[in-house]
Each structure stands twice: as structure tokens, then as C-alpha cells.
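A short reminder: the numbers here are calculations on the coordinates, not readings from a lab. Everything numeric in this text was worked out from a predicted model, so none of it was measured. Heads up, the Cβs are rebuilt from the backbone with ideal geometry, glycines too, and the neighbour counts pull from every protein chain shown.
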Amino acid sequence: MKKNKNIPMIIFAMIIVVLMAISITGVIDEQIGMCISLFLVIIFTLLIAGTAHKSGLLAIEILMFIFMIVGVALFGLNVYNLVKGEKEYEFQVTVTPNESVKQKFLTFDGYDYYTYNLKDVKVTMSQDDKTYSLEQAFQEGKLTLDKIKSLMVPNEGTVGYKIYYDGGQSKYENSQYSLVVCENKKEAIFTTYDYVYTEDMCQN
């Protein structure tokens, strides 16, 4: 029985589609999955273009080269975003959520530090991948409040306080949190990422 020469190409195309699907659905890292998929698409279009050239199908050959150019551009963009997104920060603050009232746990450099709906606050340094308590990180000069705020996104237009948000890094668990800084009392309150400010936070 004569073998269908199109079967390998069909299987190749199905692999690309499946890889794209599991990337989009989050089964594997989306950026990595899309980079691999686009690389395979480039190879696929080259194979189709080569087949079209041998068969004298000039229109399909030109169309495949256009697809290949688009694929190369998208592949380059995804690789750039992947490399850019993997920027290694000097540290990452991690927290353990729970249900608790505002509690003081540290005084350092003129600020009183509190937690609200958190169990603890820790810091992982990227250089040695070691985890420290916030107090240790402060006392050993590894971290300052200004450094913490510099990597967070501030909520603009607030009066009497500032609230900052850190979306965290995917490699660290419980790395999303927010920080309320009370300007009139020099208090810094670590709380959950979804915290919505209420006036009593800086008054009590």
C-alpha cells in the first residue's frame, strides 16, 4: 500500500496546534510554549515552501515565505519578552496570609513595622537564594524600606498614607503582598495583595 506523504506534515501541524493550546491554557509556561511553537511553525513553513518549490507551486511558495517572515518576527518578539520577563531582582519579600489583626513585629530605623492578615514577613535574596526574616535582612544591611518600595507599584493620589503593591515573581510562593506606609506615624504595615485601605489602619 502506497504511503501518504502528507501524514508526517499533518502530524507535525497537529503537534504545533496542541503545543500552542497547552501554552495558552497554562499547562506549561505560556511564553516558553509559544516560543517553541513559533520555532516549529518556522520549520513547518520552510518544509511546505520547499515542497511547493519542487512542485512548481510558486504562489504557495511565496505565501509560505511570507508566513515564515511573520513567524520569525513573532518568535523574536517572544524570545525578547521571555528574556526581559526573567529579570532577576535582588530580593523578593514573601508573606504568609492568615486572618489576624494589625500586629507590631519590628521597630527599625525610625519605623514601626506591622502585619495585618499575615502570619510573617520574610525576604529571599537572589544572590545566595537564602531566606531571612525581615529583621535579619534589615540588621545585616541586605535591605531597606526604600529598596522594598522601589520594586513596588504605588497607588497615586493618596493623602496621609501611601499604599504599594507587589505582584511577586512566579518562582516564589506567597510573593504577592501590599505595603501601607502611614506618613503621620512612621508605620509600615505589610498586608495582603488585595487589601483595600481603610482610615483606621493608620489611626489605630
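Each stretch of four or more DSSP H residues adds -39500 (n - 2.57); spread over every residue of the chain, this sum gives -14000 deg cm²/dmol at 222 nm.
Tell me the GluC sites (Glu not before Pro) within the stretch 91-143 that lie in a loop according to DSSP and have at most 11 other beta-carbon atoms within 10 Å.
Glu99, Glu140
For the listed residue pairs Lys104/Lys185; Lys142/Lys185; Lys122/Lys147; Lys119/Lys147; Lys102/Lys147; Lys102/Lys186, the alpha carbons are over 20 angstrom apart in Lys142/Lys185; Lys119/Lys147; Lys102/Lys147.
As a length-normalised measure over Cα pairs under 8 Å and 6 or more apart, the relative contact order of the stretch 147-204 settles at 24 percent.
So what's the angle, to the nearest 10 degrees on a 0 to 90 scale, between helix 58-85 and the longest Cα principal axis of the chain? Rounded to the nearest ten degrees, it is 20. Cysteines of the chain lacking any other cysteine Cβ under 4.7 Å from their own Cβ: Cys35.
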